[in-house]
1. Any idea which of Gly98, Gly46 is over 22 Å from the mean Cα position of the chain (by Cα) and either assigned to a loop (DSSP other than H, G, I, E, B) or in contact (Cβ under 8 Å) with a residue 40 or more places away in the chain (or both)?
2. For the range 351-406, enumerate the residues that are of a type in the set (Gly, Ala, Ser) and either within 30 Å of Ala150 (Cα to Cα) or not in a loop (DSSP other than H, G, I, E, B) (or both).
3. In this structure, is Gly294 surrounded by fewer than 19 Cβ atoms within 10 Å (Cβ to Cβ), more than 19 Å from the chain's Cα centre (by Cα), touching a residue at least 40 places away in the same chain (Cβ under 8 Å) and closer than 25 Å to Gly60 by Cβ?
4. Is it fair to say Ala201 is at negative phi and under 24 Å from the mean Cα position of the chain (by Cα)?
5. Answer yes if at least one residue in the range 113-126 is crowded, with 17+ Cβ neighbours inside 10 Å, in contact with an Asp or Glu (Cβ under 9 Å, 6 or more places away or on another chain) and farther than 22 Å from His358 by Cβ, and no otherwise.
6. State which residue is farthest from Glu303 (Cα to Cα) when the search covers only the range 190-236 and only residues that are of a type in the set (Gly, Ala, Ser) and surrounded by 15 or more Cβ atoms within 10 Å (Cβ to Cβ).
Amino acid sequence: MARAFLVVLDSVGCGGAPDAAAFGDAGANTLGHIAAACAAGEANEGRSGPLALPNLARLGLGAAMAAAGAGPLSGIAHWPAPDQPGAFRAVATEVSKGKDTPSGHWELAGVPVPWDWHYFPQTVPAFPAEVSAEAARLAGTDGILGNCHASGTEIIARLGAEHLQSGWPICYTSADSVFQIAAHEERFGLERLLDLCAALAPKLHAMRVGRVIARPFVGDAATGFTRTVNRRDYAIAPPAPTLCDWVQNAGGRVHAIGKIKDIFSGRGIDSVAKGPDAELMGHLHAALATAPEGSLTFANFVEFDSVYGHRRNVAGYARALEWFDGEVPALIDGLRLGDLMIFTADHGNDPTWHGTEHTRERVPVVGLVAGGPTRGDVGQIAFADVAASAASHLGVPAQGPGRAFL
């Protein structure tokens, strides 16, 4: 019995979503625009030259980008042709009505979102009075700060000092279906922040708000404020059993790396490893060495999105992609005969785009079965086909709408 490794490069979309215009994202292309900027010499901070992703290219990344139908590509002509034995490549289209983390991950795990998410308006205040009052009541304060759409780093820089003085939590949202609460780990208390988010989450979930996110930070007004790695997402539960449940119910173990447990509200998860992306890579290598037969390892590398995409940092995003690509040969070498490894994404976050939010895009799906036949170009698929294919590979009954391409 083989194993499966599903690795999500958070926000690494490749354009071409047929409904992008409905989300204000017609023309967005995360990978394509990063590659073009690098080729034009516009992303040389900490790196230089054209975007170099030779190992993902050997799995077929360039061909998957072209299949997305986003238009002519520049900056990838130097990439090697696909030549990895056992490899396959495809491009996936999402049907859920969102471009956020739960929508993408749930659908990749076989469960499209059957409802419309609740989004807060671009007004000040952004939240209904009863939501703000409940947040303050649960925090034990006389009010909240923020109550608006904002970037997480910008709002703690702007309101961090006032937060330290008043003790009021900083509450904000974005174009995603989220309610975020930032608080100082020492002045407010990390456990207090986590308890606040956990207590408030059921009210927000009842409104179809996808996530309540704890955003702890440290520092002071003199030295500046910095977010810590102790972020916690309190996501609404998936509406049906996902790939994680399918594997677990069939007797296989499911190991979550990164924020996967948070995204799936802990359902179908046996073990968890967290940390910054560099540490997560170590956890993924360790899983390759130790994961039992019949298991699913589900990983999310979030910093493409959280550190570089939202901050519109093209050079940083390119550096992160090149770092990840450099790890790919060792990941492939760690596979056992018959193992499946899939690299994909959950949405886009084009760092050349307007605003600071996610972008509606198709996503590449590249990978291999170690020692298996080379399947080459699979073509255009659905997000849910990823789950069906992983389940088929593990010999697990699939319960979602997807169709296996392996």
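The values are calculated or read from the model by the stated rules, or taken from the named source; none is laboratory data. Small disclaimer: the values here were computed from a predicted structure and weren't measured. Because the Cβ atoms are built from the backbone with ideal geometry, glycine has one as well, and the counts that use them run over all protein chains shown.
1. Numbers: Gly98 fails: over 22 Å from the mean Cα position of the chain (by Cα).
Criteria check complete, one pass: Gly46.
2. Gly355, Gly367, Gly376, Gly379, Ala382, Ala384, Ala387, Ala388, Ser389, Ala390, Ala391, Ser392
3. Details: surrounded by fewer than 19 Cβ atoms within 10 Å (Cβ to Cβ): yes; more than 19 Å from the chain's Cα centre (by Cα): yes; touching a residue at least 40 places away in the same chain (Cβ under 8 Å): yes; closer than 25 Å to Gly60 by Cβ: no.
The answer is no for Gly294.
4. Numbers: at negative phi: yes; under 24 Å from the mean Cα position of the chain (by Cα): yes.
Against the criterion (at negative phi and under 24 Å from the mean Cα position of the chain (by Cα)), Ala201 qualifies.
5. Restricting attention to the range 113-126, the residues satisfying the condition of being crowded, with 17+ Cβ neighbours inside 10 Å are 113, 117, 119-120, 126.
When the remaining residues are screened for being in contact with an Asp or Glu (Cβ under 9 Å, 6 or more places away or on another chain), the result is 113, 117, 119.
Now narrow it down to the ones that are farther than 22 Å from His358 by Cβ: none.
Looking through the range 113-126, none of the residues is crowded, with 17+ Cβ neighbours inside 10 Å, in contact with an Asp or Glu (Cβ under 9 Å, 6 or more places away or on another chain) and farther than 22 Å from His358 by Cβ.
6. In the first step, residues of the range 190-236 are kept if they are of a type in the set (Gly, Ala, Ser); the result is 198-199, 201, 206, 210, 214, 219, 221-222, 224, 235.
Retained after the next criterion (residues that are surrounded by 15 or more Cβ atoms within 10 Å (Cβ to Cβ)): 199, 201, 210, 214, 219, 235.
Working: Ala199: 27, Ala201: 24, Gly210: 20, Ala214: 17, Gly219: 21, Ala235: 19 Å.
Looking at residues that are of a type in the set (Gly, Ala, Ser) and surrounded by 15 or more Cβ atoms within 10 Å (Cβ to Cβ), I get Ala199.
So that you can scan it fast, the table gives a plain yes or no per residue for (1) crowded, with 23+ Cβ neighbours inside 10 Å; (2) farther than 15 Å from Leu53 by Cα; (3) under 17 Å from the mean Cα position of the chain (by Cα):
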site	(1), (2), (3)
Asp270	no, yes, no
Lys274	no, yes, yes
Asp277	no, yes, yes
Leu280	no, yes, yes
Tyr308	no, yes, yes
Arg319	no, no, no
Gly326	no, no, no
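Quick grid of which residues meet (1) buried (at least 18 other Cβ atoms within 10 Å of the Cβ); (2) at pLDDT 95 or above; (3) at positive phi; (4) among the small types (Gly, Ala, Ser):
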| residue | (1), (2), (3), (4) |
| --- | --- |
| Asn300 | yes, yes, no, no |
| Pro329 | no, yes, no, no |
| Gly338 | no, yes, yes, yes |
| Arg362 | yes, yes, no, no |
